[in-house]
1. Given the chain, what percent of its DSSP beta bridges are antiparallel, to the nearest 5?
2. Let me know the shape class of the chain, please: from the alpha-carbon gyration tensor, a ≥ b ≥ c as square roots of the eigenvalues, rounded when a/c is under 1.5, otherwise prolate if a/b is greater than b/c, or oblate.
3. Taking the full set of protein chains and a 1.4 angstrom probe, give the accessible area of ARG81 in square angstrom, rounded to the nearest 10.
4. Ranked by accessible surface with a 1.4 Å probe, highest first, in what order do TRP220, TRP126 come?
5. Please report the net charge: other residues with Cβ closer than 14 Å to the Cβ of ARG140, K and R +1, D and E -1.
6. How many percent of the accessible area of the chain is carbon or sulfur, using a 1.4 Å probe?
7. Evaluate Rg over Rh across the range 72-121, taking Cα atoms for both radii and Kirkwood's formula for Rh.
8. Label the range 101-240 by shape, choosing from rounded, prolate and oblate, from the square roots a ≥ b ≥ c of the eigenvalues of the Cα gyration tensor; if a/c is under 1.5 it is rounded, and otherwise prolate applies when a/b is larger than b/c, oblate when it is not.
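The values are calculated or read from the model by the stated rules, or taken from the named source; none is laboratory data. On a predicted model such as this, the values are computed, not experimentally measured, just so you know. Cβ placement follows ideal geometry from the backbone for every residue including glycine, while neighbour counts extend to all protein chains displayed. Accessible surface areas use protein heavy atoms only, side chains included; no ligands, DNA or RNA. Shrake-Rupley method; radii C 1.70, N 1.55, O 1.52, S 1.80 Å.
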Amino acid sequence: MKLVIVGGGITGLAAAHRAVELARERSSELELTLVEARDRLGGTIATERTAGFLVESGPDSFLSEKPWALALCRRLGVEHRLVRTDDRFRKVFVWRAGRLHALPDGFQLLAPTKLGPFVRSSLFSWPGKLRMALDLVKPRGTRDDESLGAFVRRRLGREALERVAQPLVAGIYTADPDDLSLTATMPRFSELERRERSIILALWRANRRAPQTGTSGARWSLFVTFQNGMEEMVTSIASRLPPGAVLLKQRVDGIERSGGRWRVTGGLGPALEADHVIVAAESYTASRLLRYVDPALATLLGEIPYASSATVSLGYRRADVPHPLDGFGMVVPQTERRSVFACTFSSVKYPGRAPEGHVLLRCFVGGALNEGILEGEDSALLGAARAELGEALGITAEPVLSRVARFTKAMPQYHVGHAGRVETIERCAAALPGLQLAGGAYRGVGIADCVRSGEEAAERVFGAR
Ligand SMILES: Cc1cc2nc3c(=O)[nH]c(=O)nc-3n(C[C@H](O)[C@H](O)[C@H](O)COP(=O)(O)OP(=O)(O)OC[C@H]3O[C@@H](n4cnc5c(N)ncnc54)[C@H](O)[C@@H]3O)c2cc1C
């Protein structure tokens, strides 16, 4: 069987690896080609080691609670290379009204689960706290899908949205919560409301039943990464692909159907003939590639919006940072009108990210709520990040290391109605035998979701699904 995979990010790599596994298990012949436009594999995953710092320009970890990435690491035999977060510093700060407020202990994304820390918190006003408590008595909502913003405003009030949900969600999805679909991004909360009505009570009960355990068990923290950075995942997978399977610096510009087979064209020289094609590139790219195969499908794919963002990594001498950095990082509500919307204290969160006596901080700028800032030069982004870290953490010294990485149209935005659109996309794609779509645009944006999406595409190719 000839299989062509378009896109060598984690989705395409997971698809390729699963195809190799399945071919081996079934003793079937597989001629695999993975085509990647850039000169390197990994897509948004990129790690740089320099002067004792380990800089992740894109993702710095994956979620262990969603089992697919961790399970892949086990099968690759690299689980021993994983490192967990240093949970002594699990705290997250919210930078608001000129100071850092710790997110109250037990606050789970949208709602408090521990009374004491919530009541004592300086992050919320008393009217804000009372409004959140109204969740205990508010009736259920009636809509099928609504925005995350509308949901939080309705159940917990404006402060909960503006001071916690919006900045935390921006940190994950770089998105505007008033556009983001609750069902597509956090189905757990709509399910909790449907089942138990009050979100606070439901989370509190869930915590009592299973305090702080995930499906991955206690061995791993919620987020895990590799000792030498996320690129280890990329190189581990790549090393298990057949020699010659990967074509770099080859941009696919069209996919055609001819007879019962597929032709993949581009700057590849002769077209690649294939029995199966997995498109693991962004959905707007899939839209362009499939415009003549199925225009209706192409239109739907082109309708999934993407946001752009950039990361600014700054290394400092520890002595130059007055703040104790006793947390994983800080988030910044949009109401503060700042450039930086989140900052990870990378060398606190994970070991080995900065040399002895130094720290590494990583700021996020842009995102759906502030894309205009990305029109500025790198030096402007750097200047803005430095100035704001100065205010938030008291740093005035020059950094010893600085890096800016841009991610243009890299983060799919799951707007209200996304789940319905994806179902229609999947129905259309299922009517095209031999064609599979995979990636973060459809059913989960994180690395664990992308691994699942890629692996499931490979399983459909082998009829294993
Ligand atoms: C700044 C940032 C931080 C993030 N942090 C985290 C995190 O900490 N944890 C987490 O779980 N997730 C994180 N994410 C999300 C996660 O990185 C992505 O969802 C995931 O890496 C996407 O993988 P992918 O393979 O689907 O897409 P991509 O990584 O975008 O890969 C797609 C690949 O397809 C290639 N391609 C595109 N068009 C063509 C073409 N025509 N021909 C050939 N090749 C083509 C591209 O060059 C690219 O290599 C983050 C995302 C960003 C942007």
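1. Values: 50 of 68 bridges.
In the chain, DSSP labels about 75 percent of beta bridges as antiparallel.
2. Working: a/c = 1.80, a/b = 1.40, b/c = 1.29.
Here the chain falls in the prolate category.
3. 60
4. Working: TRP220 20, TRP126 150 Å².
If we order TRP220, TRP126 from most to least accessible, we get TRP126, TRP220.
5. Details: positive: LYS138, ARG143, ARG154, ARG155, ARG194, ARG195, ARG197; negative: ASP135, ASP144, GLU146, GLU191, GLU193, GLU196.
Net of charged neighbours comes to +1.
6. Working: 10090 of 19710 Å².
In the chain, the share of accessible area belonging to carbon and sulfur is 51 percent.
7. On the way: Rg = 16.5 Å, Rh = 13.6 Å.
Across the range 72-121, the Cα-based Rg/Rh ratio is 1.21.
8. Values: a/c = 1.82, a/b = 1.63, b/c = 1.12.
Here the range 101-240 falls in the prolate category.
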